[in-house]
Amino acid sequence: MDIQQRIIDTETKVFKTIFANKTNHYDTLFGGEAMSLMNEVAFMTATRFTKKVCVTASSGHIDFNMPISSGTIIEVNGKVSKIGNTSLDVIVEIFIEEMYSLKRTKAISGTFTLVTLDKNNKPTKVLSD
């Protein structure tokens, strides 16, 4: 399988309903919850792509473009965007899907860098030879 097809095949989509226990005093999704969901999807995407142990090394710039209200469904998408020697970048986007409408809007986006590890917890090549 070529790399581009592997990237497409391992794109990860997770859907969640935002309930009040995940919101702040404005009744919108707490930023830390959003970042946690994004990191989880980045991890799943990287692991599905590499089939190796992956750990988060860093998160890039995260844009909170619009609030996510309680009572909405979100889609969290992860896709490999860059492949290095021992690390890879995953772009993660959160879309709002209003429950009773066809409207779908991108609310948050960011990049996460993950490192692949061997059995001794040392960085190893993302792509096997």
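The values are calculated or read from the model by the stated rules, or taken from the named source; none is laboratory data. All figures in this text were calculated on a predicted structure; none of them were measured in a lab. Don't worry about glycine lacking a Cβ; one is built from the backbone with ideal geometry, like all the others, and counts go over all protein chains shown.
For the reader, a short list of remarks on this structure follows.
- If only residues of the stretch 70-80 that are small (Gly, Ala, Ser) and surrounded by 15 or more Cβ atoms within 10 Å (Cβ to Cβ) are counted, the one that is modelled with the lowest pLDDT is Ser70.
- Checking Leu102 against (1) crowded, with 19+ Cβ neighbours inside 10 Å; (2) free of Cβ contacts under 8 Å to residues at least 40 places away in the same chain, the condition it does not meet: (1)
- Residue list for the stretch 9-26, restricted to those being farther than 15 Å from Met99 by Cβ and surrounded by 12 or more Cβ atoms within 10 Å (Cβ to Cβ): Thr10, Glu11, Thr12, Lys13, Val14, Lys22, Thr23, Asn24
- Listed by position, the strands (runs of 3 or more DSSP E) contained in the stretch 17-129 that have at least 2 residues being of a type in the set (Gly, Ala, Ser) and under 30 Å from Asp2 (Cα atoms) are 53-64, 73-83, 104-117.
- Residues located in the stretch 27-54, provided they are under 15 Å from Phe64 (Cα atoms) and surrounded by fewer than 13 Cβ atoms within 10 Å (Cβ to Cβ): Gly32, Ser36
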